[in-house]
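Here's the structure we're looking at; comments come further down.
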Amino acid sequence: TFFCFHSDIYFFNICLEDCLSSLWKHILHSSEQIFLWSDTFQLVSVKLTKAAGQDLEAKELSVVLDGVDASPKCIAFGRETYAFFYLKKKRTTLIIGKDLLNIIKTKSGNNQFACIACHPTEDCIATGHADGKIRLWRNFYHKKDYTFSTLHWHHDTVMDLAFSMEGTSLLSGGVESVLVLWHNESNCQKDFLPRLGSAIEYISMSSDGTLCCTLHTDNRITIINSNLRFSKSIQGLIKSRDVKTGLVVDPRTKALVLNGEPGHLQFYCLQSDQQLFSLDIVQRQYIHQAGLNQADLVKVAFSAQGKWLATVEEREEVTDPELQLKLWLYDEETQSFKLNTRINMPHEDHITDMCFREMDELEDDSLILVTAGRDCVFKVWVMVEDTDPEGSVSWSCDFVGSYHNYQATNCCFSEDGSLLAVSFEETVTVWDSITWDLKCTFCHPPGKIRNICFGRLTCSKYLIGATDYGFLCCWNLLSCALEWSAHLNVLVLQPDPLSEHIAAVSWLSKESSLFVFKPNEPRPIYIQRNLCKEKIQLAAFVPRDEPETIVSEKYHWLRRSQLFFLTDTQELMTLSTKSLEERLTPSSKQLAVEESLPVTPFSLLLGKHRRQQSHEDIDLGKQVHNKHKQDSPAVKELLHTPAHVLPSASFLCPIFINSLLISKENKSAEEVADEVEMESEKTEDDSDEERGVTEMEQEDTSAMELLGEMTRKLSKSQEKELRKIRKMDYSWISAF
Amino acid sequence: MGEFEVHRVRFFGLVPAGVRCLACQPRGGRLALARTDGAVEVYNFAANYFQEKVIPGHETRSVEALCWAAGDRLFGAGLSGDITEYDLALLCAARSVDGCGGPIWSMAANSSGTLLAIGCEDGSVKLFQVVPGGIQFERNLDRRKGRILCLSWHPSDTHIAAGSIDFLRVFDVCSGQTVQRIMVNYHVLKVRRECIVWSIAFLSNGTIVTSDSFGRVQFWDWQRGTLMESHTVSTSAVLSLAVSEEEDSIVVGTSTGATYQFQLLPVKMGSLEKRWVRTKPFQHHTHDVRAVAHSSTALISGGLDAQLVIRPLMEKVQKKGYDAALRKFTFPHRRLVSCARKARLLLFQFSQHLELWRLGSTDETGKDGEVLPLCRMPEHLVQLKSKGPEHIYCSCVSPCGSWIAYSTASRFHLYRVQYEGDGVSIKKVPKVPKLLLPAYQLQFSSDSGSLFVASARGSVHVLQLLEPGGCKHLHTFRPPSGSSEAVYLLASSADGHWLAAVGGDWAIHIYDMKCFKVGAGAGGMTPTSLPPWGAGCQWVQRIGPLPVSHCCIPRAGLGMGLWEEMGGGHRWPRLLPSACCPPALQHHSTVPMYNCAVTALAIHPITNNLVIAYSDQQLFEFSIPEKQYTAWSRMVQNCGLHRVWLERDSPITHITFNPKNPSHILLHDTYMFCVLDKSLPLPDNSALLMNQSTLKQLPETARQRQLHAFKICKKFQPLLYADLLDENCLVMVERPIMDIKTQLPLPIQQKKFGT
């Protein structure tokens, strides 16, 4: 979460022999020094020697201090190269200067330090505090005579601070979602940019001072002009405080549906990495203040065709929760959901699960919604036609079922909709969905049922359950007996709607593992241990538009749908069958298509200019330069992909470095190609990848030709050269 | 601690007057303060900010400006148009000179204290020369329209800056001409609004600092007439401003009750460029901060909410201790309440009237902390209004409740109160002896037979009260070495033998009244013994209406010879027989000098030990018969008092004793009531001083080990007076701050987040 504007991108190839053991988190650089601090709470300074080349060798390394907070908000660099200011772990001590020039302690209370910024030209430090105050420290070079003034507007913790480039104004932000611009360090002169959507976590100024940008807790970057005018916002998946709804796939758009902004439901398109739309469910104003109990969305369910949407919202109260069940009907005209029925207090206590009966072939009137609650009942809701002449429908309760006064924890329908399984603490009950008779019960004591699901297609006679005692059980519904059980601490149990496969994610010894199995055989067909270090909270199978051809047997189960995970840090992950290079290539193809610009006067001009340049390059035989132009797809991808969806730098670094290397094999291949230029023209060296690339090149040149025809301004010599280019072998490009 | 039945009195409706102006004595340790009712007070920094002198107010004498000149002379000027010099020894207004320019809004003395400049309603600035014995008009400076609201001398005394409405002017003192005129107006959308320059300061580098009604503090270059810096500190007016002597710090006070500090700080380390930066905000007041002062170690502010706040600058204080504590003074450091123990009456002193109340009573008993229902409600018996514009200096009610005495600057009144059933009749005692007025403290003897009147020059008059309603001057005590300062505290012993008096020079004199027993039954005086004074021993006194006489005792047992001054240089010799002459009233001893102000003293009824509390929170016990400190007092001085005790920030204002328990001393300040048990060991610094609540939870054996001499109760706050009625009945007079706030005008409405 390190966040700053770069005027250029520097790559420090840091080789610290004795420090490689610990993970270095942040790098801050001043002109001659780099400060590093790690998760071991050590601040290290590295002295940089001046060197001509890009590679520097830094040998002087000294530990400055121990016990530094790992957050980048806790350290700032001042005007003097040696002056830096940081906060101790407990956040009550401000230490100024390298040789502990001054140590300032806050009284225990609500005024711990939260963030720090240094004035760019003067000796002034601004600190943000947990009580919402900003203190500006001055004269801190004197042990006793230091003084501070206070700016106070925020009512909650000041999350981040940034000085303008001249230091005349100060920006601050916090939970209130308002960016405050303080002029001249005065409490009376301030400007606001309100309604930024969610709490501001980081603020950064561009080096020329024309832009500032804020990073918000909901995973959004807002770019703001220097005159506090909103300019642009960059937003992918919204990070909500807590994903209570689970990962649900909208059957209509195939978008991932989950908690978005507070009280909203976000529809997130996985292919384009953008939010399709946000549906306001709670429809109440959200107050940006910490510690308030506000209504939030907790459960969501779609009917099979996506026509109906059921949502549950609740307001956490200690004594009695405020619950609302809402049913929304998709309106074809407005292409949006419209509220149909609102049910206040559908259950006496929290609703634990909710599902629609998914029966594709049946008509609307067979649609049933089941809710399970902690008040020891499950309720069946059906549509009834209203008496008014318009013939509209609304929902009402049809049946209330309970089992020995146990809390109902999960519910699900079998694939054909004939059976409903409801788990009551340790017991799974199976009900006939027409007569509402209790058919049979299963249990696997000890341990309460955590998840249940029915098998699908060929395995529809099985019911799978996971207990919190660490068992995965498969019951046969025909024999009403336990088919098999496995000792596995399952957190997430997710059936694929398009196949028999069921994915189970376990959490054991601080790592998540994935097991994919078919209910009819007790052996998993795919195991991925150590999927990630974080706890996986949720998973979802998203159906692919068309079944993918997967060669590897191992990944065969991913043919029809793709599996997505959400960790407890709200990182969305997926399981890919291809390597990174492979995945990046197709998108670079897209980029190539992009280059065939629509014909506008500017594009013509641009096309001509580019072509000329490439001709000149070839003329001079500047192979190296040429290579630079034809950047590897990986690098292109690196530069074109939005920063917030890029994988970590450590992951990209080897690819980038590899792309700069000139491999020997290819060079020799090129030489060979040169030698046998005439003959090899038709006998192309066959490899799948190369063919792909040459195809791409041909596309390119044809486009150029097209342009050339249109402009008809190519000289004879240029055409000659063009032909020459066409003859040239570009197979060496494939290496990249 | 012992169990007491406590009368918790909250019907003393005192509303202290707001603070109007403050003046720090240049290079001195005193702060002068003027209140909106015209009262002037002097606080002594060296004596832990003790309120050393009080000059009560006057209806027609408002004070708008105070300043020290020529060392320790204090001048005040106000809307009456007069410049008044205050006599700090006699505690009264000494001389007044008409400024001849209408109401005076501002006054400032030059750095050497030889010239006073006043700013008047008619727009004139006048210079007065300070001469011995008064001031002399010197000349007028250039007069323009517009009242002069504030003035400041340049430290070199060559120029004066004067703030008015919408502009400020700079005068050349030599030529008397206006050399610069700077507009400070404020434009909002082309509408000109009046801008009042409330306060001004002229710095030695030629910078003029102004504070105005638009909440701005502005820094001007006077020669070019340009604005250098402008800081908006408030949405309402900035009313007051003060600069430190080093000119590196400024304190300003606003009408919202907030004060701010400005500091001149280097922009970068080691660079010469400095800038004024607004630093610390303080919100101690609820109403207008009309006056601020900047001492070398503290920021001082006074507001219309009657609070004087002294906020120390931590970086200037060398060690943590008494000086490093924030202190707030709302109530005077002397008693305004007197109590008639036997009659269970309370006399409350207001600025211009007295109220006599009878305490309620109950016939029930209860457990610790229980509130007992009253069977008889407290009763407001009498309200005595003082005539004339002068405010009351002091008042007292006799222990039997039948005498009330009070004094203003020029008059002394004695009343006889008679109780017939539920009715009260009050009768003024005619022909009170003409004493040297004003009286600074009044004290009845414990048998209500005589009245002690503290007077100027260290003297104490003794009046004999006569039935059914008369009085006679008996004697005047004077310190043997003479004194110029007024007596401000008195204490008499229960047996009528001793009288202790403290003057403004902090010397405690003890007088012997042994042969001065006034037997209630005998109705006269009987000399019991005469001291071994030889012939020729002289002292000066006044008897009756006659002026000063000399008298001497020729020989023991023979009586007294004296000269009566008849006027015109004529004297009549007279010999009084010993039976009717005043007995040998004599100076007994002087308590060794201690370099701090005495805040309270009392004589123990049984042991006749004098207990003294000083403003640095030290306690002494002086045995009068033995003329030396007692063993306990020496032990206290050797061991030292508890650190927390010494760091308390309000002085002890009253001491009393429990006759049933001779080792107990009862004392209180504004925030605590303490029973000091001399029989218990003193607490050391590691022990908890205020341990009453923890002691309650301990078992009996552990409690015995934890006990120490100081038993402190902080339940009653702010405490104006506490006294013991009988052995298990206390009266506590409280004045809750909230009750005062409701009496004040509404403060400026401020939007407060979350309300």
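Evaluate the relative contact order of chain B (contact order divided by residue number), counting alpha-carbon pairs under 8 angstrom at least 6 apart; express in whole percent.
It rounds to 8 percent for chain B.
Using unit Cβ charges (K, R positive; D, E negative) and no other charged atoms, how large, in debye to the nearest 20, is the dipole of the range A:381-445 about its Cα centre?
Once rounded to the nearest 20, the dipole reads 360 debye.
Among A:V422, A:P446, A:A408, which residue has its Cα positioned farthest towards the positive end of the charge dipole of the range A:376-462, with +1 placed on the Cβ of Lys and Arg, -1 on the Cβ of Asp and Glu, and the dipole taken about the Cα centre?
It is A:P446.
From Cα coordinates alone, what are the radius of gyration and Dmax values for the range A:409-451 in angstrom?
Answer for the range A:409-451, Rg first and Dmax second: 10.3, 31 Å.
Starting from a Cα-only point model with no solvent, please compute log10 I(q)/I(0) by Debye for the range B:235-366 at q = 0.16, 0.21, 0.22 1/Å.
With no solvent term, the Cα-only Debye profile gives -0.87, -1.18, -1.24.
Just grab the label-to-label distance for B:F167 and B:E5, each label 7 Å out from Cα along the Cβ direction, in nm (one decimal).
Label at B:F167, label at B:E5, 7.3 nm between them.
Test of the criteria: in the range B:655-745, which GluC sites (Glu not before Pro) are in a DSSP loop and have at most 14 other Cβ atoms within 10 angstrom of their Cβ?
Answer in residue order: B:E727.
Pick out, from B:A722, B:L682, B:I748, the residue whose Cα sits farthest towards the positive end of the charge dipole of the range B:667-755, with +1 on the Cβ of Lys and Arg and -1 on the Cβ of Asp and Glu.
Projecting each Cα onto the dipole axis, the largest value belongs to B:I748.
In nm, give the distance between the simple-model label positions of A:N293 and B:Q749, each being 7 Å from the Cα along the Cα-to-Cβ direction.
3.4
Taking the Cα-to-Cβ direction at B:E247 and at B:Q628 and moving 7 Å from each Cα, how far apart do the two end points lie in nm?
5.8
Determine, for A:E333, A:E201, the number of other Cβ atoms within 10 Å of each Cβ, and report the residues in order from fewest to most. Show your work: numbers first, answer last.
Values: A:E333 6, A:E201 21.
Taking fewest neighbouring Cβ atoms as first place, the list is A:E333, A:E201.
Applying 1/(1 + (r/R0)^6) with R0 = 41 Å to the Cβ-Cβ distance of B:A70 and A:K143, what FRET efficiency is obtained, to the nearest 0.05?
Working: r = 40 Å, r/R0 = 0.98.
Efficiency computed from Cβ-Cβ geometry: 0.50.
Any chance you could run the full-extension gain for B:R193 through B:K385? It's 0.36 nm times the residue separation minus the Cα-Cα distance, nm to one decimal. Show your work: numbers first, answer last.
Values: separation 192, 0.36 × 192 = 69.12 nm, distance 4.52 nm.
Extra length from B:R193 to B:K385 when fully extended: 64.6 nm.
If you take the beta carbon distance between B:V267 and A:E322 as r and set R0 to 56 Å, what does 1/(1 + (r/R0)^6) give as a FRET efficiency, to the nearest 0.05?
Here the calculated transfer efficiency is 0.50.
Binning every alpha carbon pair distance of the range A:359-453 at 10 Å from zero, what are the percents per bin?
Spelled out bin by bin, the range A:359-453 gives 16, 45, 26, 10, 2, 0 percent.
Calculate log10 I(q)/I(0) of the range A:311-407 for q = 0.10, 0.17 Å⁻¹, where I(q) comes from the Debye formula with a single equal point scatterer on each Cα and nothing for solvent.
Relative scattering, expressed as log10 I(q)/I(0), comes to -0.31, -0.84.
Taking every pair of alpha-carbon atoms in the range A:443-484, give the share separated by more than 11 Å as a whole percent.
60
Order by neighbour count: B:M635, B:M593, fewest other Cβ atoms within 10 Å first, most last.
Least crowded to most crowded, the residues run B:M593, B:M635.
Which residues does the label zone of A:R241 cover in the range A:180-201, counting backbone N under 18 Å from a point 7 Å along Cα→Cβ?
A:195-201
Which residues among the range B:703-736 fall inside the zone where the amide N is under 17 Å from a point 7 Å beyond the Cα of B:I606, along Cα→Cβ?
Zone members listed by number: B:724-729.
Over 20 Å between Cα atoms: which of A:K448/A:K518; A:K239/A:K307; A:K439/A:K461; A:K133/B:K741; B:K427/B:K472 fall into that group?
A:K448/A:K518; A:K239/A:K307; A:K133/B:K741
Take the alpha-carbon centre of the range B:643-661, take the same for the range B:430-477, and report the distance between them in whole Å.
Here the answer is 28 Å between Cα centres.
So what is the calculated 222 nm ellipticity per residue for chain B, using -39500 (n - 2.57) for each DSSP H run with n of 4 or more, over all residues, to the nearest 500 deg cm²/dmol? Each step should come with its number before you reach the end.
Numbers: 5 runs with 33 residues, N = 755.
The helix contribution divided over chain B gives -1000 deg cm²/dmol.
Count neighbours as other Cβ atoms within 10 Å of each site's Cβ, and list the trypsin sites (Lys or Arg not before Pro) in the range A:164-228 that are DSSP loop with at most 16 such neighbours. Walk me through the numbers on the way to the answer.
Details: sites: A:K190, A:R195, A:R220; in loops: A:R195.
Within the range A:164-228, the qualifying trypsin sites (Lys or Arg not before Pro) (loop, at most 16 other Cβ atoms within 10 Å) are A:R195.
Using a 10 Å cut-off around each Cβ, can you sort A:I536, B:I606, B:I55 from fewest to most neighbouring Cβ atoms? Write out the running numbers ahead of the final one.
Numbers: A:I536 22, B:I606 11, B:I55 28.
Fewest-to-most ranking of A:I536, B:I606, B:I55: B:I606, A:I536, B:I55.
Taking the Cα centre of the range B:299-387 as the origin, how large is its charge dipole in debye, to the nearest 20, when only Lys and Arg (+1) and Asp and Glu (-1) carry charge on their Cβ atoms? Please report the intermediate quantities before stating the final value.
Values: 16 positive and 9 negative charges, 101 e Å.
Dipole about the Cα centre, nearest 20: 480 debye.
Might you report the magnitude of the Cβ-based charge dipole of chain B about its Cα centre, with Lys and Arg at +1 and Asp and Glu at -1, to the nearest 20 debye?
Dipole of chain B, to the nearest 20 debye: 480 debye.
Since every read-out is calculated from the coordinates, none of them should be taken as a lab result. Nothing here was measured: the structure is a model prediction, and the numbers come from that model. No Cβ is skipped: glycine too gets one built from the backbone with ideal geometry, and neighbour counts run over all protein chains shown.
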